[in-house]
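The values are calculated or read from the model by the stated rules, or taken from the named source; none is laboratory data. Because the structure is predicted, anything quoted here is derived from the model rather than measured. Note: ideal-geometry Cβ built from the backbone for every residue, glycine included; neighbour counts use all protein chains shown.
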């Protein structure tokens, strides 16, 4: 078992409060991803778990043992860094063996662990090379191998793919997922890339300004964001937002803005009626907007003017102006649309989101 529990975890750098009252339980064998913009506190949280940063307040527990004062080498964790942190003068095998030698492992044990890790990662033919002779992807595999040979209770990953090119990053994401399924070790992963977070995490922690905004499975965050920040951060392209006023028209709950009047469905309508007359933010994802057709109800359609057309091959992204708001729509690549075209667009009403204008919490 290797559960990691954070209780009211805080961190100050002088008077700057960078991690604020984080409460979190990371389950045994879970792949937990921390995601958020630069400076949100995710890497600092990871470094406190590793013991590389002192805790200002609260507790870190690994298997019910408080480790706040336990040195990093005694926490039974292994960390993979953004810059690989390989010793340039050592061979791949020596880099992988270094931590085990420091712990006085027998030579035969070290050799067996290196052999096993190299086989898992497909780097058996690289063991005699120096880091300078390796590509970025190969160096990343070596850094992973150095962590695997430790056979730790917990893996910690600090943006390990950020130095790789886009194609290799996708490949390594797949390999990391397979590796976790094979090793079944509790893993905590930090990234600023929400696509990485969605594809890798069993659960995802979204952070902003040192505060946990929401914790949940990737699709839970995507479909039921707790607030406007999570809604805008999770998903690519980002969710569209429009400032609206909640009201009623012909007995129906609606969200209104210049050039936009949308009828709200079901439960969302009931919640909106309780805030009639209030300002709110309407959210809709680009993939939930399409060119209006005969089957689309008028109360879920609106007029727009195309400003930019982005041809992506598998889809077309239209940057459109809707009244005073800017909406991005993802449409079929077979469509022939040009800038300055006037389009009637429709949205999926069941995919609408509403957020309070002041608190930004989901309505």
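Just one of the numbered conditions (1) out of contact with any helix residue (DSSP H, G or I) (no Cβ under 6 Å at 6 or more places or on another chain); (2) surrounded by 15 or more Cβ atoms within 10 Å (Cβ to Cβ); (3) over 28 Å from residue 247 (Cβ atoms) is not true of residue 313; which one?
It is condition (2) that residue 313 fails.
Of the numbered conditions (1) surrounded by 14 or more Cβ atoms within 10 Å (Cβ to Cβ); (2) closer than 30 Å to residue 274 by Cβ; (3) within 31 Å of the chain's Cα centre (by Cα), residue 303 satisfies every one except a single condition; which is it?
Among (1) surrounded by 14 or more Cβ atoms within 10 Å (Cβ to Cβ); (2) closer than 30 Å to residue 274 by Cβ; (3) within 31 Å of the chain's Cα centre (by Cα), the lone unmet condition for residue 303 is (3).
List the number of the failed condition for residue 29; all other conditions in (1) within 24 Å of the chain's Cα centre (by Cα); (2) over 27 Å from residue 142 (Cβ atoms); (3) outside any strand (DSSP E or B) hold.
Residue 29 satisfies every listed condition except (2).
The rows are residues; the columns are (1) assigned by TED's automatic domain parsing to the domain that holds residue 184; (2) surrounded by 15 or more Cβ atoms within 10 Å (Cβ to Cβ); (3) in contact with a strand residue (DSSP E or B) (Cβ under 9 Å, 6 or more places away or on another chain).
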residue	(1), (2), (3)
37	yes, no, yes
45	yes, yes, yes
49	yes, yes, yes
56	yes, no, yes
71	yes, no, no
85	yes, no, yes
89	yes, no, no
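For residue 146, are the conditions met, namely being closer than 15 Å to residue 31 by Cα, touching a residue at least 60 places away in the same chain (Cβ under 8 Å) and either out of contact with any helix residue (DSSP H, G or I) (no Cβ under 9 Å at 6 or more places or on another chain) or outside any loop (DSSP other than H, G, I, E, B) (or both)?
no
For segment 263-277, enumerate the residues that are free of Cβ contacts under 8 Å to residues at least 40 places away in the same chain and in a loop (DSSP other than H, G, I, E, B).
Listed by number, the residues that qualify are 274, 276, 277.
Quick one: which strands (runs of 3 or more DSSP E) sit completely within segment 290-359 and have at least 2 residues that are on the phi > 0 side of the Ramachandran plot and assigned by TED's automatic domain parsing to the domain that holds residue 213?
Here the list is empty.
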